[in-house]
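Written below as structure tokens is the structure these notes are about.
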Amino acid sequence: MDHIFWLKNARLECGFQKEDGRVTGTITGLFHLLIEDGRISRMVKDGEPVPNDVPVEDAKGLLVLPSFIEKHVHLDKTLMGDVWRACTPSSGVIERFENEKKVLPTIATSTRKRAESLLEVLLASGSAHVRTHVDIYPEVGLQNLEQVQQALGTYSNRLSSEIVAFAQHGLLRSNSVKLVREALRNGAGIVGAVDPATIDLDIEASLVQMMELAVEANADVDLHLHDPGHLGTFTMKRLAALTKQAGWEGRVAISHAFGIGDVSKAEAYDLADILRDAGVSIVTSVPINRQMPPVDVLHERGVEVAVGNDNIFDVWSPLGNGDILERAGRLAERFKWVDEVSLAQTLRYITGGKTPLDEQGNQVWPKVGDAASLVLVDASCSAEAVARRSERRAVMYNGNIVSGSLSKQKRPIDVKG
């Protein structure tokens, strides 16, 4: 028999409240959702008759949002679940590589255990999908991949995932091409590389090799590109050209992409058009210590943008708490998105583009047939959830509560429509 139940008294957004043509708030209402075999099969407004022949979970007026997507994390690097340690200062990225190689093998806890500790944190924040980069280099071989796969296997009924075979120390510099190829044959579905100019010292050779690996394995691509200014934008243009040449539109992402934030707005517009035409997406961790991609410009020009946490308590950074909703709030702060509509639309960057309302206030999510992967939040609306980083009471993945609880709420919430 299929798993079936009613999720009653779920608060959903129905439209924007307006006065004199100006949005002043969000209209919500209570609904009852029939969850069947992991999907929403019926939606009934509060007050309409609901059959009582199946079990019930009571949302008690909690706001229901689409589950979040963690688009950039390093499960193999985290120290979560181990003892506290701050970072050892380094003179640059190469020294950081070498320090990491020395430190990680000395840690008492296993990569798998630490990865599972971080997955628990990510789930509690509302992330029911995780893209993790896994370092591939000669000294470690495929050990990180195997350990992370075991951790993700443990959580396979609680979240979905994808793995990037990540040549952190340089695809060419660390002579990792064969290992990345092997990782792609053993469960990784994405090719990852870093800074073709400053790490591999050969933009063209590095990008071509990365794309060849992707095409050979029918894998996606995620390039970490920290290079600033025109060095960074030149690299992006070459990657976009190679993407179109390979027919890989929609399958390539650039993480960080700091260079777009360093050039003029006119140049950023031109580059955004190039990225859109090649179907290249951007993933940002919303850094506060340097320029970042102009997300507003990219969205305006039709480039897909996502947010990820990146480093979360590891040898690279002792900071980060794994809360992707907090990153969305930081993004709103960076771009001064403080009105109701802008705050609500910020959700799109952590949900794969899903928002309960479109910019005109039409209800576009959820619909009958959608996956029942939800976050139940103690907030009156999406805008409040983003601005206040509201508490997540429960997380549902394919119709199952996988974090938190609906039966042990701290207090009832006001259910006024």
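The values are calculated or read from the model by the stated rules, or taken from the named source; none is laboratory data. What you see is a predicted model, and the numbers here were worked out from it, not measured in a lab. Cβ coordinates were reconstructed from backbone atoms using ideal geometry, including for glycine residues, and neighbour counts include every protein chain displayed. SASA here: full protein model, heavy atoms, side chains in, ligands and nucleic acids out. Shrake-Rupley method; radii C 1.70, N 1.55, O 1.52, S 1.80 Å.
Scan the range 378-389 and tell me whether some residue there is under 14 Å from Leu12 (Cβ atoms), touching a residue at least 12 places away in the same chain (Cβ under 8 Å) and of a type in the set (Lys, Arg). I'd like the intermediate steps shown before the answer.
The initial filter retains those residues of the range 378-389 that are under 14 Å from Leu12 (Cβ atoms), namely 379-382, 385.
Applying the additional criterion that residues be touching a residue at least 12 places away in the same chain (Cβ under 8 Å) yields 379-382, 385.
Next, only the ones that are of a type in the set (Lys, Arg) stay: none.
No, because not a single residue in the range 378-389 is under 14 Å from Leu12 (Cβ atoms), touching a residue at least 12 places away in the same chain (Cβ under 8 Å) and of a type in the set (Lys, Arg).
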Could you grab me the full set of residues in the range 217-247 that are open to solvent by 60 Å² or more (accessible area, probe 1.4 Å), of a type in the set (A, V, I, L, M) and outside any helix (DSSP H, G or I)? none
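Go through the range 346-357 and give me each residue that's surrounded by 15 or more Cβ atoms within 10 Å (Cβ to Cβ) and more than 23 Å from Leu34 (Cβ to Cβ). Walk me through it before giving the result.
Within the range 346-357, the first condition is being surrounded by 15 or more Cβ atoms within 10 Å (Cβ to Cβ), and the residues that meet it are 346-351, 354-357.
Scanning the range 346-357 gives Thr346, Leu347, Arg348, Tyr349, Ile350.
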Name the single residue, out of those in the range 151-161 being of a type outside the set (S, T, N, Q) and in a loop (DSSP other than H, G, I, E, B), that is surrounded by the most Cβ atoms within 10 Å (Cβ to Cβ). Leu159
How many of the residues making up the range 20-30 are surrounded by fewer than 21 Cβ atoms within 10 Å (Cβ to Cβ) and touching a strand residue (DSSP E or B) at 6+ places or on another chain (Cβ under 6 Å)? 6
Flagged in the range 110-150 as open to solvent by 30 Å² or more (accessible area, probe 1.4 Å) and either more than 26 Å from Met396 (Cα to Cα) or touching a Pro at 6+ places or on another chain (Cβ under 7 Å) (or both), in numbering order, are Ser110, Pro138, Glu139, Gln143, Glu146
Near pairs, Cβ below 9 angstrom, 6+ apart or cross-chain, from the range 278-298 (among the charged types (D, E, K, R)) to any residue that is assigned to a loop (DSSP other than H, G, I, E, B): Arg290/Pro228; Arg290/Phe258; Asp296/Phe335; Asp296/Trp337
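Conditions (1) under 18 Å from Gly25 (Cα atoms); (2) surrounded by fewer than 18 Cβ atoms within 10 Å (Cβ to Cβ); (3) basic (Lys, Arg); (4) modelled with pLDDT under 95, marked per residue:
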position: Gln363; (1), (2), (3), (4): yes, yes, no, no
position: Ser373; (1), (2), (3), (4): no, no, no, no
position: Ser382; (1), (2), (3), (4): yes, no, no, no
position: Asn398; (1), (2), (3), (4): no, no, no, no
position: Lys416; (1), (2), (3), (4): yes, yes, yes, yes
For the range 71-90, does any single residue satisfy the condition of being under 30 Å from His256 (Cα atoms), among the charged types (D, E, K, R), open to solvent by 10 Å² or more (accessible area, probe 1.4 Å) and modelled with pLDDT under 95? yes
Within the range 198-216, the residues that are among the aliphatic types (A, V, I, L, M), open to solvent by less than 20 Å² (accessible area, probe 1.4 Å) and out of contact with any Pro (no Cβ under 6 Å at 6 or more places or on another chain) are Ile199, Met210, Met211, Leu213, Ala214
Among what's in the range 318-345 and is in contact with a helix residue (DSSP H, G or I) (Cβ under 9 Å, 6 or more places away or on another chain) and not in a helix (DSSP H, G or I), pick the residue that is surrounded by the most Cβ atoms within 10 Å (Cβ to Cβ). Gly322
Which numbered condition Gln17 fails, given (1) crowded, with 16+ Cβ neighbours inside 10 Å; (2) not in a loop (DSSP other than H, G, I, E, B): (1)
In the range 61-96, what count of residues is obtained for those that are in a loop (DSSP other than H, G, I, E, B), closer than 19 Å to Asn400 by Cβ and not aliphatic (A, V, I, L, M)? 1
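Can you go through Gly189, Gly153, Gly170, Gly126 and tell me which one is free of Cβ contacts under 8 Å to residues at least 60 places away in the same chain and at positive phi? First the steps, then the outcome.
On the way: Gly189 fails: at positive phi; Gly153 fails: at positive phi; Gly126 fails: free of Cβ contacts under 8 Å to residues at least 60 places away in the same chain.
Being free of Cβ contacts under 8 Å to residues at least 60 places away in the same chain and at positive phi holds for just one of Gly189, Gly153, Gly170, Gly126, which is Gly170.
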Give the range 251-301 a look and list any residue that's under 21 Å from Leu347 (Cβ atoms), open to solvent by 10 Å² or more (accessible area, probe 1.4 Å) and touching an Asp or Glu at 6+ places or on another chain (Cβ under 7 Å), or say none. Ser281, Ser285, Arg301
Out of (1) modelled with pLDDT of 95 or more; (2) open to solvent by less than 20 Å² (accessible area, probe 1.4 Å), the odd one out for Val315 is which? (1)
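Do you know which residues across the range 302-312 are closer than 23 Å to Ser382 by Cβ and surrounded by 18 or more Cβ atoms within 10 Å (Cβ to Cβ)? I'd like the intermediate steps shown before the answer.
Going through the range 302-312, the residues closer than 23 Å to Ser382 by Cβ turn out to be 302-309.
Across the range 302-312, the qualifying residues are Val303, Glu304, Val305, Ala306, Val307, Gly308, Asn309.
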